[in-house]
Structures are given as structure tokens and as C-alpha cells.
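Note sheet for the following structure.
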Amino acid sequence: MTDPVVERLAGYVSSLEYADLPDEVVHQVKRLVIDSLGCGLGASAAAPVRAARDVALEVHGSSPATLLGTTDTTTPELAAFVNGVMVRYLDFNDTYNGKDAAHPSDNIPAVLAAAEAHAASGRELITAVALAYEVQAAWADSFQLASGGVWDQAAYAAISAPLGAGKVLGLTAGQLAEALRISVVSSMTLGEARRGTISHWKAAAVPNAGRNGLFAATLARRGMTGPPEVFSGTHGFFAGVTGAPVELAPLAREDGNDRAFRLMESRFKRYPAGFFSQTAIEGAIEAREVLGIADAGDVEHVHLRTFESGKRVMAGDPTRWRPETRETADHSLPYVVACALRFGTLEPAHFEDDVLRDPVLLDLMQRIEVVRDPECDAAWPEAILNILTVRTSDGREHTAAVPYYRGHFKRPMSDGDIEDKFRRLTTGLLDAPRQQAALDRLWQLDEETDLGRVMAALAIA
């Protein structure tokens, strides 16, 4: 027996080539790589990154890959994991949103590690990143995993990562099919990774699926097989994860169609927080400026209208109203809105312990009310509409309604914005000349023949 989903995806990935990518897609991949690696470097000193890096440094392989921000190498699987934790830790990497939300840039560390270890070119890397984005985003367009279920968004990467990694490994269609089967049957992750008080594993759950996906591709390359009906079987993905068969949406350039690549609709983040909150943060900053708020005591009340997913994920649990960890705080609407009102921005430093426990900020959070609103629900999922009304202690009010944040594909960041974000994240890690040298090399990724040189350009002195 064969599985039509497996055969379809393996055939698609094996047939897609660099020449099939429009120029704007190639350029967008470069933007996404710059953004993701900047986010990763910005997390270099984080506790879970240090833990993962320490483990990886104990292991060496004959086809090594580089740990981001260093000149150290390890096996490609462990490099994929460490670098993936780095890219994801700040919750600053881009998002795709269809019926469900996902972070397709989680594929980049796995594909990059595989590409470096196996001497793939920059063009081969770009092709694999584009197709991994396409596969993961198409699944997010096709069904909703998160609502009421027990499975984590890592389920998407379990499908896309082995295909992206397998592409740069040069797998045949048959080998890609086996890599997909092995990865899907072995890589399902419980949604508890993002519930309640959120732990370090939030940043590691999807990178672990990426590591497993690369490992599955390596095994398939050596001849290992996986269960044939991994999607459609009686105990397969549809039975256990989605609950019913899913019709996967059409993929870009599949069977000669002219559908745009989904990565063109990626949403870059301007602030290091859950993407549901990006427009609420902008609205809070707008209200602060209009009302001339100089102190948290100037705010009497905040009424935030949002959509069902935003309220459920970022305000629907008591832990979101008194977050005890960084990971919980960046998924707390009241916390990030309070920071924006108090500081006029939101930066990675605002999730340090001294800010998390700031009594002034905690008090301000208690003056924030979050309600589900039908207008916001109707705008979702294309728009991330948050409507925020701030009333000051002297009775003045301002309402900010923001449907598209800066970085949304309908209000995109420029190349200069992407570079500025990279520089902000790497300040103190790379000096200005090295920042520019790294950016220059990444903008020329399509001409690169040695990806080890790319990683070397990102090493922190």
C-alpha cells in the first residue's frame, strides 16, 4: 500500500528546482534567513541555548555543521537543534497564519545544518528553504491543529523539515518519501509545551522536530524505511492528530500551477512576543504617544478587544496575568501591553527577571481588561485586529485599532528594516564592520558555494 499524501509531497519536493523560484521568492528567502539568524544570535546567552550548546559540544561527526555564533562544530542533527532553539527562543522570528499559525522559519536551522554538512550550495539551500516553507504553510492553510487538541505545532515541522533537509541531501523521491514517513511517525509533540506556565521547552519543541526530520532524512539516505501509510493508516496522522482526513491545499508550482509561494505572506515580527499581540503592542505605543503617558500611574484603565485565538492563547489562563517565566510573559497580552505603555517599546530586555517582578508593571497589568470582540473575530485570520482604548487618570481617552502590524505582508518591513533589526539583535556581539560583512554575505546567498563561510561570518568574537 502507498499513502497518496506521502507520494504527493515527495514528488513535489523532488521536482522543485531553483529555476522554478521567481526572483522575489529568492529575495524573500534571503530576508527570512537574515531575520532568523539575527534572532538566533540575539538569544546566544539564553539558558536553554547554553544547555543545548553544552550537550552538542560533546559530540562530533565526520560531516560537521557549525553552532550559530561560534566556530565550533557538531553533528548536523545537534546543530539543527541548537541553532533552532536560538532562532525560536526570543519569539521574534516570523509567522505564517492560515487556518492555523506556524513559524516556518523553524525549518531554516535544520535545512542550513544539512546543507553545510553536505556541501550544498547557497542556491540549493534557498530552494530547500522555500519548499519547506511552502509545505509547512500549506498544512497550516489546510486545517487547525491547535484548537482543543493535544498536539503541538511541531507536527507541521515533522512534515516539512525532513523534506527540506532531504532536498539538500540530494535524496530521490523514494528516499524523500521514507524520510517523511520516519519523521512523521516518530516526531509528534504534545501541546502541553505551550500551556500554563511555559518552560524552556517552548523554544525547543519545534527545533527537536527539525532535528528528528534531519535525522530521518539521513536514515532514509542510508536505506531505512518507514511505515507506508503514515498519514492515511488506521493509526496514522489523520486518525491520531487531525481526527479526520485532510485535503492538503495546492502547493506553489505544483503540476505547473502559478500559485504564489506562501513565504511571500510571511509576517516578520517587529516586537519579541507572540504574533497575536503585535498589533496590540503597536496600539499601546500609539496611545502612549497621543496621550502623553509618562508614568504607569497615568493609566487608569485599558480595554483591549481582541479575537478568540488571541484571548485564548495570550489572556485566557491565569498564568498570563502574572507570568513567572520569560516564555509565559511573551505569550501574555496584558504583560506586553503593559510594557509598551510603560516603556514605549518592547525589547528582549523587558523579559528579564527584574522587569517580570516589577511591582509597578504588575499593578498596571491589573488595570488591563481583555475581551473577545466580534469585529476582531470577523477580521481574523488575515488581519490581526486588536482595538485598544486607554483611559488616563485625568479622564482622557484614546482608541487605537490596528489590523496589520509593521512586518505583516500587507504592511511589510523594508530590507532596511530587516537589516536594522539584525543590527539591534547583534549589537554587542558583532561590531559594525562584522555586522555589515555578515549582511553582505547573506544578501549574496545565491552566489555562495561554501556555507561554512556564511556561518563563520556570524561567529561572535
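Surface composition of the stretch 261-413: carbon plus sulfur atoms hold 48% of the accessible area, using a 1.4 angstrom probe and ignoring ligands, DNA and RNA.
Stretching Val290 away from Asp54 to a fully extended chain increases their span by 80.2 nm, per 0.36 nm per residue minus the current alpha-carbon distance. Pull out the extension gain between Glu300 and Ser414, defined as 0.36 nm times the separation in residues minus the alpha carbon to alpha carbon distance; nm, one decimal. Here the answer is 37.4 nm.
Of the trypsin sites (Lys or Arg not before Pro) found in the stretch 359-406, no site is in coil according to DSSP while having at most 10 other Cβ atoms within 10 Å of its Cβ. Rolling a 1.4 Å probe over the heavy atoms of the protein chains gives the stretch 127-171 an accessible area of 17 Å² per residue. The accessible surface of the stretch 114-202, taken with every protein chain in place and a 1.4 Å probe, is 53 percent carbon and sulfur. Between Glu397 and Ala432, what is the label-to-label distance in nm when each label sits 7 Å out along the Cα-to-Cβ direction? About 4.7 nm, to one decimal. Shown are Ser277, Ser393, Ser414, whose ranking by accessible area with a 1.4 Å probe and every protein chain present, most to least, is Ser393, Ser414, Ser277. Per-residue Karplus couplings for the stretch 110-116, computed as 6.51 cos²θ - 1.76 cosθ + 1.60 with θ equal to phi - 60°, are listed in order as 5, 5, 5, 4, 5, 5, 5 Hz, Gly and Pro entered as x. Can you classify the chain as rounded, prolate or oblate using the Cα gyration tensor, where a ≥ b ≥ c are the square roots of its eigenvalues, rounded means a/c under 1.5, and otherwise it's prolate if a/b beats b/c and oblate if not? Prolate shape, in that a/c is at least 1.5 and a/b is the bigger ratio. Going down the table (Lys167/Lys269; Lys167/Lys202; Lys30/Lys167), which pairs top 20 Å between alpha carbons? Violating the 20 Å limit, Cα to Cα: Lys167/Lys269; Lys167/Lys202. Restricting the trypsin sites (Lys or Arg not before Pro) of the stretch 73-126 to loop positions (DSSP other than H, G, I, E, B) with no more than 16 neighbouring Cβ atoms within 10 Å leaves Lys99. For the stretch 27-130, GluC sites (Glu not before Pro) meeting the loop criterion (DSSP other than H, G, I, E, B) and having at most 11 other Cβ atoms within 10 Å: Glu58. Accessible surface area normalised per residue over the stretch 318-461 is 44 Å², counting heavy atoms of protein chains with a 1.4 Å rolling probe. Compared with the dominant Cα axis of the chain, that is its longest principal axis, helix 23-42 is turned about 70°.
In the chain, the longest principal axis of the Cα atoms and the axis of helix 47-56 are about 10 degrees apart. When the square roots of the Cα gyration tensor eigenvalues are ordered a ≥ b ≥ c, the ratio a/c for the stretch 244-333 is 1.5 or more and a/b exceeds b/c, which makes its shape prolate.
Annotation: amide H of Trp151 within the under-5 Å range of Gly191, sequence separation 5 or more or interchain, hydrogens built in the peptide plane.
The values are calculated or read from the model by the stated rules, or taken from the named source; none is laboratory data. If you're wondering where the values come from, they're calculated on a predicted model, not measured in any experiment. Every residue, glycine as well, gets a Cβ built from its backbone with ideal geometry; the counts of neighbours run over all protein chains shown. Each accessible area value is taken on the protein alone, full model and side chains, heavy atoms only, with ligands, DNA and RNA left out. Shrake-Rupley method; radii C 1.70, N 1.55, O 1.52, S 1.80 Å.
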